[in-house]
Amino acid sequence: MGDLKTLTTIKCNQQAIRAVRFNVDGTYCLSCGADKKIKLWNPHRDLMLKTYGGHANEVLDAAGSCDSSHIVSASVDKSVILWDVTTAQPLRRYRHHASSVTCIKFNEESTMAVSGSVDNTVAFWDIVSRRQEPVQVLRDAKDSITSLQVTDHEILTTSVDSHVRLYDIRMGKMISDYIGHIVTFGSFTRDGQCYILSCTDNSIKLFDKDSGELLNTFSGHECKDLLLENAVNEKDSHIISGSATGEIFYYDLISSSISKKLVHLNGKAVVSLSHHPTDNYLLSACEDKIKLWGVKSLDE
């Protein structure tokens, strides 16, 4: 796994970072702030490229399109905004949710944006047409949507109602599993065979996607009622979690043992993580700073 070190520390000046996200190829990243803005960075060079301002309240999540030409963002102001990356101008503002929009993703072709909200719904937005209303709304959750992931034919949602829901768009079916604790974040393994759930009982649970079988449980980090995120490294060998203690835990996927602990900032919660899609880099967000972790080359 290599000896991970802090390569860059970026002070974002956004009051508090709510989410950090690599773009599709890992060259750039987005930071979402309590200052109502999104910032575009080259984290490898500690370079701020653009600021996107237009939300009326905190930005909770953002995602870049597959060609990096557009950004969608989700906010406490109940809206979703589609941005032009180059001009930093909002192209469309979508309003349908009755409460804060907590999470947002593009589909694989970036023709659709999918948003989840505190109003218990998941909405689909056609960003190619000029349609302002959602194409479809999922109303299965009984409480706030905490996270969602989108693949070419599946959508994974997690909720405060302690359920994970897997929608198969091709088959038109939904599988709902009761986990027993509030699920704060869900993600897929790189091979798409399993999903990883962060729960409020200070655990991460690994499930087989097809059978729904619990394969492994990982513990050691502290949740403290925070919406902690998880990530998986580029080789599918380790599951990564933030902690309320300011640490980042690397868990061995097979043995569930703690392989490594990184310290972002002692005693301050690491609220967001984003792993590079193909290389051994990790972004972590804590308070107003983002850190890029990686293995230093010999010439550095």
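The values are calculated or read from the model by the stated rules, or taken from the named source; none is laboratory data. Because the structure is a prediction, the values reported are computed rather than measured. Cβ atoms come from the backbone with ideal geometry, glycine included; neighbour counts cover every protein chain shown. We work out accessible area using only protein heavy atoms, side chains counted, and drop any ligands, DNA or RNA first. Shrake-Rupley method; radii C 1.70, N 1.55, O 1.52, S 1.80 Å.
Test of understanding: among Ser159, Ser115, which residue is closer than 26 Å to Lys39 by Cα and among the hydroxyl-bearing types (Ser, Thr, Tyr)?
Criteria check complete, one pass: Ser115.
Starting from residues that are of a type in the set (S, T, N, Q) and exposed (fewer than 15 other Cβ atoms within 10 Å of the Cβ), keep the ones in segment 238-258 and report whichever is farthest from Asp201 (Cα to Cα).
Restricting to residues being of a type in the set (S, T, N, Q) and exposed (fewer than 15 other Cβ atoms within 10 Å of the Cβ), the top hit is Ser255.
Does segment 259-266 contain any residue that is in contact with a Leu (Cβ under 7 Å, 6 or more places away or on another chain), open to solvent by less than 50 Å² (accessible area, probe 1.4 Å) and part of a loop (DSSP other than H, G, I, E, B)?
no
Residues to consider are Val85, Val24; find the one that is under 18 Å from the mean Cα position of the chain (by Cα) and of a type in the set (Val, Ile, Thr). Give the derivation first.
Values: Val85 fails: under 18 Å from the mean Cα position of the chain (by Cα).
Criteria check complete, one pass: Val24.
For segment 148-173, which positions are without any contact (Cβ under 8 Å) to a residue 12 or more places away in the chain and either open to solvent by less than 20 Å² (accessible area, probe 1.4 Å) or in a strand (DSSP E or B) (or both)?
Residue satisfying the conditions is Lys173 alone.
Test Thr217 against the stated conditions and say whether it is closer than 23 Å to Leu282 by Cα, out of contact with any Pro (no Cβ under 9 Å at 6 or more places or on another chain) and surrounded by fewer than 16 Cβ atoms within 10 Å (Cβ to Cβ).
Here the answer is yes, as Thr217 does meet what is asked.
Which of the residues belonging to segment 174-197 are over 12 Å from Val232 (Cα atoms) and assigned to a strand (DSSP E or B)?
Matches in segment 174-197: Met174, Ile175, Ser176, Asp177, Tyr178, Val183, Thr184, Phe185.
For segment 206-238, which residues satisfy the criterion of being in contact with a Leu (Cβ under 9 Å, 6 or more places away or on another chain), part of a strand (DSSP E or B) and more than 12 Å from Ser187 (Cβ to Cβ)?
Correct list: Asp208, Leu214, Leu215, Asn216, Thr217, Phe218, His238.
Quickly run through segment 188-211 and pick out the residues that are open to solvent by less than 50 Å² (accessible area, probe 1.4 Å), over 14 Å from the mean Cα position of the chain (by Cα) and more than 17 Å from Thr151 (Cβ to Cβ).
Cys199, Thr200, Ser203, Ile204, Lys205, Leu206
Does Ile258 qualify as being within 21 Å of Lys5 (Cα to Cα) and at pLDDT 95 or above? Working first, answer last.
Working: within 21 Å of Lys5 (Cα to Cα): yes; at pLDDT 95 or above: yes.
Criteria met by Ile258.
Every residue in segment 267-292 that is over 20 Å from Gly186 (Cα atoms), surrounded by fewer than 22 Cβ atoms within 10 Å (Cβ to Cβ) and in contact with a Lys or Arg (Cβ under 9 Å, 6 or more places away or on another chain), please.
Once the filter is applied, which keeps residues that are over 20 Å from Gly186 (Cα atoms), surrounded by fewer than 22 Cβ atoms within 10 Å (Cβ to Cβ) and in contact with a Lys or Arg (Cβ under 9 Å, 6 or more places away or on another chain), segment 267-292 yields Asn280, Glu287, Asp288, Lys289.
Of all residues being among the hydrophobic types (A, V, I, L, M, F, W, C) and part of a strand (DSSP E or B) in segment 42-60, which is least open to solvent (accessible area, probe 1.4 Å)? Just the residue, please.
Result: Val59.
Could you tell me whether Thr8 is polar (S, T, N, Q) and closer than 19 Å to Ile248 by Cβ?
Criteria met by Thr8.
How about segment 122-143: which of its residues are in a loop (DSSP other than H, G, I, E, B) and surrounded by 20 or more Cβ atoms within 10 Å (Cβ to Cβ)?
Hits for segment 122-143 are Ile127, Pro134, Ala141.
Are any residues in segment 217-269 of a type in the set (S, T, N, Q) and farther than 20 Å from Phe22 by Cβ, and if so, which ones? Please lay out each step first, then the result.
In the first step, residues of segment 217-269 are kept if they are of a type in the set (S, T, N, Q); the result is 217, 219, 230, 233, 237, 241, 243, 245, 255-257, 259, 266.
Once the filter is applied, which keeps residues that are of a type in the set (S, T, N, Q) and farther than 20 Å from Phe22 by Cβ, segment 217-269 yields Thr217, Ser219, Ser243, Thr245, Ser255, Ser256, Ser257, Ser259, Asn266.
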